[in-house]
Each structure stands twice: as C-alpha cells, then as structure tokens.
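Worksheet: the structure to be examined is printed underneath.
The values are calculated or read from the model by the stated rules, or taken from the named source; none is laboratory data. Here the structure is a predicted model, which is why all the values come from computation and not from measurement. Reconstructed Cβ throughout: ideal geometry from the backbone, glycine too, with neighbour counts over all protein chains shown. Accessible surface is based on the protein model in full, side chains and every heavy atom, while ligands, DNA and RNA are left aside. Shrake-Rupley method; radii C 1.70, N 1.55, O 1.52, S 1.80 Å.
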Amino acid sequence: MAKDFRELLVEASRHDQFGRFFKEIQVGFKMVISFQASETHACEPAETLDDVYQYTKWEVMLRQTNKPITAPRIGAWDFLKNNVWAKKFDMPEFQTGMLGEFLTVWEAQRCFEDVIEYATIKKQLDSEDDIRIVEPDENLKEKARGCGGCGGSSKKEKVEAE
C-alpha cells in the first residue's frame, strides 16, 4: 500500500476568493495527480480547513505531461478507466486531464495507488521514492525522460547531425 496521499500535500497558494491549492504530485515521468480541497473545490466539507484529515471527499485531477490522458494507446486513462473510483471522473471541455469530484478518502487513495501501479508497469517509475512534489510553474515536458516516441530520439540525433 502506498503512502497516504495526504502526507504528500504541500500548499502552493491560498486566496480568499480562489481558495487553497496544493502542489501537484508527479508519479513517474509522465503522470501527474492533483488533490484539492477548499471552498472552491468539489470536496466535503466545502471549506478551507487547515487539517487535511478532516476532509471526507476530495477533488482529484489526473493528467499526463506529454499527451492528453485519453489519447488512444498512449493515454493512461485506458488503463485506469475501469477502476471503481473512475466513474466519478470526466474530462472538462478544453482540458487534457480527467477531473474527479467528491472522491471519498478511500477512492482518492485507491486512485493514487492505481496511478503508481500504472507508472510502475509502464516502467515510468522505479520506486515510490521517486514520486515528487511539483512546483506550480515547473515545465514537466522538458523534464520527461524515457521514450522519445516512434523514433523521436533518432529524429533528434539526425537533426543535430545535419
């Protein structure tokens, strides 16, 4: 069982009008998960509490750093969509990630564990020790390592050689 997701939460900002935001959590080099709870999020209670263990339901966002999460054959959603918690997720218009609203603590934890399992199976994560907190303005596409995709690295080498 993975570490409790609430232990990883780091507050990024707090505003009277826009609520509080926690930093995202990067799982492997392609998956990012965001847990949010404040008066502006789909959580219970719908208020900004200092003790994250007092929330009974959470808003959760899943996305990939490189492509939309629902992209056929390369999107993680194909792997994740059949889990019991996934029924609460939808893709908001003009977004590239999946948004889940009012996930119980158990569902949010299970979602986190399933994302870890996906990243491990896809060889994007070696160990849970490699899970990291992401700064709000961090460019994750530049930090993505691994597959260049369909000859991506050979194309790069070819361009550099010319």
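If you take the residues of the range 101-128 that are closer than 16 Å to residue 30 by Cα and among the acidic types (Asp, Glu), which of them is surrounded by the fewest Cβ atoms within 10 Å (Cβ to Cβ)? Ranking the qualifying residues of the range 101-128, first place goes to 126. Every residue in the range 48-104 that is charged (D, E, K, R) and in a strand (DSSP E or B), please. Those that are charged (D, E, K, R) and in a strand (DSSP E or B): 57, 59, 63, 90, 101.
Starting from residues that are touching a helix residue (DSSP H, G or I) at 6+ places or on another chain (Cβ under 8 Å) and modelled with pLDDT under 95, keep the ones in the range 59-69 and report whichever is farthest from residue 19 (Cα to Cα). Spell out how you get there, then give the answer.
The first filter runs over the range 59-69 and keeps only residues touching a helix residue (DSSP H, G or I) at 6+ places or on another chain (Cβ under 8 Å), leaving 60, 62, 65-66, 69.
From the residues that got through so far, the ones that are modelled with pLDDT under 95 too are 65-66.
Details: 65: 25, 66: 28 Å.
Among those residues, the one meeting the criterion is 66.
What are the residues in the range 79-100 that are open to solvent by 30 Å² or more (accessible area, probe 1.4 Å) and either of a type in the set (Phe, Trp, Tyr) or at pLDDT 95 or above (or both), if any? Scanning the range 79-100 gives 79, 81, 82, 83, 84, 87, 88, 90, 94, 99. Just give me the residues in the range 18-62 being within 15 Å of residue 114 (Cβ to Cβ) and open to solvent by 40 Å² or more (accessible area, probe 1.4 Å), in sequence order. Correct list: 30, 61.
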